[in-house]
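Colleague: Starting off with a structure, shown below.
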Amino acid sequence: MKKLFLAVLLLPLFSQAQWNVNLFGGFSNYNGDLQSKVLTTQQSHGSFGAGVQYDLNNHFSLLSNLTYGRVGASDAYATQADLRARNLSFETAIGEFNVLAEYNLLDLRVHRITPYAFVGIAVYHFNPYAYDSTGKKVYLRPLSTEGEGLPQYPSRKEYALTQMAIPFGGGIKFRISDRVVLAYEIGLRKLFTDYLDDVSTRYVDPAILLAAKGPEAVEMAYRGNEIKGGSAYPAAGTVRGGSGNKDWYYMSGLRVTIALNSSAAEAHRRHNGILDCPKKVY
């Protein structure tokens with residue numbers, strides 16, 4: 001009886017609510033120690049996602065999405081000679097779940113186009129890897145390439161592969177029909193780690209790394225000796241990355257929003273004076 005009573009109370013909310021489905025497709029990229037450009041399509045990869053949207057009113061909406069993308073970068077594309085000589089690279093898939101609040105500047109029931117912005121919270125998972133000199137895929141976190149988790153470097157803690165982020169961004173929406181809205185958006189993710197690319201601070205003593213993690217860890221920590229004219233492993237304490245700034249990743253592309261019930265469609269026609277009139281009865 002209690003469940004039935006609760007269902008009766010909630011029925012008006014769900015029957016009158018404007019629910020939508022969101023589908024996203026575009027590209028993903030990152031900014032960090034192997035990619036200094038803030039926003040670029042260089043070395044970008046594809047991304048896609050899907051979710052639901054609940055319109056609170058004509059301007060505010062709540063969204064929840066699952067997104068998947070991949071980011072990566074290589075020193076081979078760097079413009080600075082010292083970075084090319086470092087010869088590091090990485091890739092990682094990123095799976096994200098987010099909850100967002102979104103604001104439309106204009107009412108799409110009245111206008112066909114509007115700028116919009118969003119902000120929220122996200123949980124994402126990553127796991128950086130690279131390919132060694134033989135082409136074998138090697139996951140980097142277990143190697144502690146910068147001494148993370150080793151007793152000789154107590155300040156360098158192992159980084160978690162699942163973390164929180166703050167997504168925010170915006171774009172522009174176009175109403176295609178009563179039920180369909182097309183948008184172009186860019187969404188940035190503020191991270192709380194500098195290890196999305198497994199590069200953050202200074203080189204550790206190769207002897208310590210070799211004893212703790214083996215020769216593969218030393219090989220993947222510095223790869224300048226793999227290129228023609230490359231140098232040997234740098235002295236311990238030499239700068240490997242810049243720990244002053246955290247990494248970022250971002251996704252940009254097209255989002256299609258499809259209304260699941262008729263309230264928005266009817267409201268759009270009504271506000272634009274195209275709601276069908278009832279037939280006259282004689």
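Colleague: Which residue is nearest to residue 195 (Cα to Cα), if the candidates are limited to segment 70-94 and must be basic (Lys, Arg) and not in a strand (DSSP E or B)?
Modeller: So the residue we want is 86.
Colleague: Report the residue count in segment 41-82 for those that are under 30 Å from residue 112 (Cβ atoms) and of a type in the set (Val, Ile, Thr).
Modeller: 3
Colleague: On to the next question. Restricting the search to segment 191-210, which residues are open to solvent by 50 Å² or more (accessible area, probe 1.4 Å) and within 18 Å of residue 141 (Cα to Cα)?
Modeller: Within segment 191-210, 192, 202, 205, 210 qualify.
Colleague: Looking at segment 62-107, which of the residues that are of a type in the set (A, V, I, L, M, F, W, C) and in contact with a Ser or Thr (Cβ under 6 Å, 6 or more places away or on another chain) is nearest to residue 165 (Cα to Cα)?
Modeller: Residue satisfying both the conditions and the ranking: 99.
Colleague: The conditions are (1) free of Cβ contacts under 8 Å to residues at least 40 places away in the same chain; (2) within 30 Å of residue 238 (Cβ to Cβ), and residue 66 fails exactly one of them. Which is it?
Modeller: Unmet for residue 66, out of (1) free of Cβ contacts under 8 Å to residues at least 40 places away in the same chain; (2) within 30 Å of residue 238 (Cβ to Cβ): (2).
Colleague: Please state which one of 108, 143, 56, 100 is modelled with pLDDT under 95 and open to solvent by less than 40 Å² (accessible area, probe 1.4 Å).
Modeller: It is 108.
Results for (1) in contact (Cβ under 8 Å) with a residue 40 or more places away in the chain; (2) of a type in the set (A, V, I, L, M, F, W, C); (3) crowded, with 16+ Cβ neighbours inside 10 Å; (4) part of a loop (DSSP other than H, G, I, E, B), shown as yes or no for each residue.
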| position | (1), (2), (3), (4) |
| --- | --- |
| 134 | no, no, no, yes |
| 147 | yes, no, yes, yes |
| 156 | yes, no, yes, yes |
| 178 | yes, no, yes, yes |
| 189 | yes, no, yes, no |
| 212 | yes, yes, yes, no |
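Colleague: A further question follows. Mind listing just one residue for me: the one in segment 95-109 that is assigned to a strand (DSSP E or B) and not polar (S, T, N, Q) and, of those, farthest from the chain's Cα centre (by Cα)?
Modeller: Taking the candidates together, the pick is 103.
The values are calculated or read from the model by the stated rules, or taken from the named source; none is laboratory data. Everything numeric in this text was worked out from a predicted model, so none of it was measured. With ideal geometry, Cβ positions are generated from the backbone for all residues, glycine too; neighbour counts draw on all protein chains shown. Please note that ligands, DNA and RNA were not included when accessible areas were found on the heavy atoms of the full protein model with its side chains. Shrake-Rupley method; radii C 1.70, N 1.55, O 1.52, S 1.80 Å.
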